[in-house]
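*Asks:* Starting off with a structure, shown below.
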Amino acid sequence: MIDRKTIDQVYQATDIVDVVSDFVSLRKAGVNYKGLCPFHDEKTPSFVVSPARGTCHCFGCGKGGNAINFLMELNNMTYPEAIRWLARKYGIEVIETGFDDKANAERKHREELLALNQWADEWFQQTLQETPEGQGIGLSYLRTRNFRDDIIRKFQLGYCPSSGHSLGDAARKNHMSEDNLVETGLCIRTNGGKLRDRFFGRVIFPVHNYLGKVVAFGGRILQKKDNVGKYVNSPESPIYYKSNELYGIYFAKQAIQRLDCCYLVEGYTDVISMHQCGIENVVASSGTALTHDQIRLIKKFTTNLTVLYDGDPAGIKASMRGIDMLLEHGLNIKVLLLPDGDDPDSFARKHTADEYIDYINQHQVDFIRFKTDLLLRDAGSDIHARASVINNIADSISRIDDTITRSLYIAECATLTGVREQDIIETVNSTRNRMKLTKLKEQQERSVNVQSSMFNVQSPNPAGVASGSPVVAPSAQAGIKEPRERSGNPSTLRAAANIMKYVIRYGEKAIGDTEDEAGNTRPLTFVEYVSEAMKSDALTFTQPLYNTILQELLTNKDKPHFTALNYLLSHPDDAIRNYALSQATDSGSTIGVNDDSILDHLYENAEKLIADLALAVVSDKITELDHKIKSGTLTPDEMIAGTLTLSKYKEAQIQLKKTRKK
Ligand SMILES: [Zn+2]
């Protein structure tokens, strides 16, 4: 039985368009998406996907439902299978529980916590509206900030009295459990075991999830005090994962969908003021950097996001990395810089919705252009600074998956920076390769983790390996790490591994010329060089996997568009594929794929790599022979032959060391 939390996380992460797109090619039709129905044969699309509702439906055959129904129907999956499939897709770890009772108890507990929050939400509102302290302090504060009554009610703003125990007392009188009060964070248990209200003396901003349930609260202090934070927030709990929630999403989702655009601001009051001014498609990240889960939540409703900033350059730069992540998710990002001295909140107070929207429409700039302008201005005419700006922009562009959008940005970046388009293309491509590999590797590792967790919940084994699991082939796991060798000394193994790393990364690169049978000059590839050099030095790998890979690359090297890495990464053998992946992405290494400085010195490197292996093998033999000669077990003839061989080896060793130093 899959744990409830996992199921909730899966539902939260699931994007119906994303899931259906894995099987059906969709195109946008108004607020929905349309495609050919996968359940029946048709020529004109009648299969409609509604991102806002999270459902799909065929107007021809009537099939559809939510993402889970869709997967179950289309792929003949059971419910748990569909959940696991989605969990894998979104990188969510599947927690299993052994007993239905336990899952039921957890669900019941979560419902209790939500009920408690809902009760507290009403109590806070009532306190604000109906008690002298609430009206005198809380409500008057909100009114000095010019929040209208209808807005205060809409966002369910409240007040927690300053006594420090009013909420706790009221909750107990209403038979709420003390443990739950502590678990939701509404109360804190003091050392003496008493309950204290977390939010005492603060105005309350409830945080609703996208279904409208109150999952947390933020409390704002009214007078500034030293050592006291302006805001206090609920801690994480079984109903609140901070990284899953966006403030305002429940009140914004319809407008976001209708206008196919979402504004992102920082704080609670930014959201509320903009609503009051008449702009409802706005959410807040609550001061933290956006998470992948939050982005997925936005993507349920739109792919167009405008980030609203006040004019503080330091803040803007700090948030740029987060925006790069948005690009990865395929969002169209614009940036709006508000006039000096204004933030989204204050600007809303001075303008009507129409003026605000006009201002946004006239001043929002495409993120890449914005970033390029800003960084270039800082770099001035300093050449090194400009070069690093270009790399930085190329890095952002690399994250965009859509080819056409990417090439438009590349062209624009070339114009803005005055750098040759081709140079930017190359930088972007090599960054993309690197990112792709990293992602592949992460997925692979995650899928192994997820799958082992599927099978090992009852009896976790320390190695984290799903022994006997029918899903994971043993080689898939063994292959994640470098194959463990049982023969050879460490330096020989290291030398062999280094050669393979280069072969995998640069196997197809030309490192010189050679002649074919007809006497024509043709390029000599890295993998050929390695193979020939090893043959001429009578060297072999002791690892069968290395020999297999080398042999296959030699056989296939003349195929059109051949690269060693792509060939190996799409290899049907798990062990080969995973090994190539691990070598292409080994973290901590400074060797990048297509790294220019490496490519420039590929031939020298190749020579040295082979010399290293030869040197290691020779040193090994010298030690071995030396040992034999000194052991006194050889016949006189053997001694003579041995000594001769030894001196030959030593001569070779000297030569090799010279090569190594070149
Ligand atoms: Zn159909």
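The values are calculated or read from the model by the stated rules, or taken from the named source; none is laboratory data. Being a predicted model, the structure only gives us computed values, none of them experimental. Please note: Cβ atoms are built from the backbone with ideal geometry, for glycine as well, and neighbour counts cover all protein chains shown.
*Asks:* Search segment 510-525 for residues that are in contact (Cβ under 8 Å) with a residue 60 or more places away in the chain and pair each with any residue that is assigned to a strand (DSSP E or B) and of a type in the set (S, T, N, Q) when their beta-carbon atoms are under 8 Å apart and the residues are at least 6 apart or on different chains.
*Replies:* So the pair list comes out as I511/T525.
*Asks:* Right, next: Do we find that L113 is among the aliphatic types (A, V, I, L, M) and in contact with a strand residue (DSSP E or B) (Cβ under 7 Å, 6 or more places away or on another chain) in this structure?
*Replies:* For L113, the condition - among the aliphatic types (A, V, I, L, M) and in contact with a strand residue (DSSP E or B) (Cβ under 7 Å, 6 or more places away or on another chain) - is met.
*Asks:* Let me ask you something else. Considering only segment 518-541, how many residues are more than 38 Å from the chain's Cα centre (by Cα) and of a type in the set (V, I, T)?
*Replies:* 2
*Asks:* Ok, one more. Name the residue, out of E133, E106, E73, E112, that is touching a helix residue (DSSP H, G or I) at 6+ places or on another chain (Cβ under 8 Å), surrounded by fewer than 19 Cβ atoms within 10 Å (Cβ to Cβ) and modelled with pLDDT under 90.
*Replies:* E106
*Asks:* Restricting to segment 34-56, and then to whatever is within 15 Å of the ligand (Cβ to nearest atom) and assigned to a strand (DSSP E or B), can you tell me which residue is surrounded by the most Cβ atoms within 10 Å (Cβ to Cβ)?
*Replies:* C56
*Asks:* Suppose we filter segment 533-544 for residues that are over 13 Å from I499 (Cβ atoms) and assigned to a helix (DSSP H, G or I); how many remain?
*Replies:* 3
*Asks:* Here's a follow-up. Please specify each residue of segment 401-439 satisfying the condition of being closer than 26 Å to A580 by Cβ, buried (at least 17 other Cβ atoms within 10 Å of the Cβ) and in contact (Cβ under 8 Å) with a residue 24 or more places away in the chain.
*Replies:* Selection gives T427, V428, S430, T431, R432, N433, R434, L437.
*Asks:* Please verify whether segment 249-256 includes one or more residues that are closer than 30 Å to Q135 by Cβ, out of contact with any Asp or Glu (no Cβ under 7 Å at 6 or more places or on another chain), part of a loop (DSSP other than H, G, I, E, B) and not hydrophobic (A, V, I, L, M, F, W, C).
*Replies:* no
*Asks:* Count, please, the residues in segment 139-193 that happen to be touching a residue at least 60 places away in the same chain (Cβ under 8 Å) and farther than 23 Å from C277 by Cα.
*Replies:* Residues flagged as touching a residue at least 60 places away in the same chain (Cβ under 8 Å) and farther than 23 Å from C277 by Cα within segment 139-193 amount to 7.
*Asks:* Determine, yes or no, whether S398 is under 15 Å from D324 (Cβ atoms), of a type in the set (S, T, N, Q) and out of contact with any Cys (no Cβ under 8 Å at 6 or more places or on another chain).
*Replies:* Against the criterion (under 15 Å from D324 (Cβ atoms), of a type in the set (S, T, N, Q) and out of contact with any Cys (no Cβ under 8 Å at 6 or more places or on another chain)), S398 qualifies.
*Asks:* Let me ask something additional. Would you say Q223 is at pLDDT below 90 and in a loop (DSSP other than H, G, I, E, B)?
*Replies:* Yes; evaluated as a whole, the condition is true for this residue.
*Asks:* Name every residue in segment 57-70 that is touching a helix residue (DSSP H, G or I) at 6+ places or on another chain (Cβ under 9 Å), near the ligand (Cβ under 10 Å from one of its atoms) and at negative phi, in order of residue number.
*Replies:* Within segment 57-70, K63 is the sole residue that qualifies.
*Asks:* So which residues in segment 280-293 are out of contact with any Gly (no Cβ under 8 Å at 6 or more places or on another chain) and either hydroxyl-bearing (S, T, Y) or crowded, with 22+ Cβ neighbours inside 10 Å (or both), if there are any at all?
*Replies:* If the condition is that a residue be out of contact with any Gly (no Cβ under 8 Å at 6 or more places or on another chain) and either hydroxyl-bearing (S, T, Y) or crowded, with 22+ Cβ neighbours inside 10 Å (or both), then N281, S285, T288, T291 are the ones that fit.
*Asks:* Just to check your reading of the model, which residue among L599, L569, L634, L581 is at pLDDT below 80, surrounded by fewer than 18 Cβ atoms within 10 Å (Cβ to Cβ), more than 30 Å from K648 (Cβ to Cβ) and touching a helix residue (DSSP H, G or I) at 6+ places or on another chain (Cβ under 9 Å)?
*Replies:* After ruling out the rest, the residue left standing is L599.
*Asks:* Report yes if V17 is among the hydrophobic types (A, V, I, L, M, F, W, C) and within 16 Å of the ligand (Cβ to nearest atom), otherwise no.
*Replies:* no
*Asks:* Condition test on A105, is it among the aliphatic types (A, V, I, L, M) and in contact (Cβ under 8 Å) with a residue 24 or more places away in the chain?
*Replies:* Answer is no for this residue.
*Asks:* Right, something else. Could you check Q12 against (1) within 13 Å of the ligand (Cβ to nearest atom); (2) of a type outside the set (A, V, I, L, M, F, W, C); (3) under 26 Å from Y210 (Cα atoms) and say which number it fails?
*Replies:* Against the list (1) within 13 Å of the ligand (Cβ to nearest atom); (2) of a type outside the set (A, V, I, L, M, F, W, C); (3) under 26 Å from Y210 (Cα atoms), Q12 comes up short only on (1).
*Asks:* Condition (residue is surrounded by fewer than 16 Cβ atoms within 10 Å (Cβ to Cβ), at negative phi, of a type outside the set (A, V, I, L, M) and in contact with a Phe, Trp or Tyr (Cβ under 6 Å, 6 or more places away or on another chain)) applied to segment 542-553: is it met by at least one residue?
*Replies:* Checked against the condition, which is being surrounded by fewer than 16 Cβ atoms within 10 Å (Cβ to Cβ), at negative phi, of a type outside the set (A, V, I, L, M) and in contact with a Phe, Trp or Tyr (Cβ under 6 Å, 6 or more places away or on another chain), segment 542-553 yields at least one hit.
*Asks:* Looking at segment 79-103, which of its residues are at pLDDT below 80 and under 28 Å from the mean Cα position of the chain (by Cα)?
*Replies:* E96, T97
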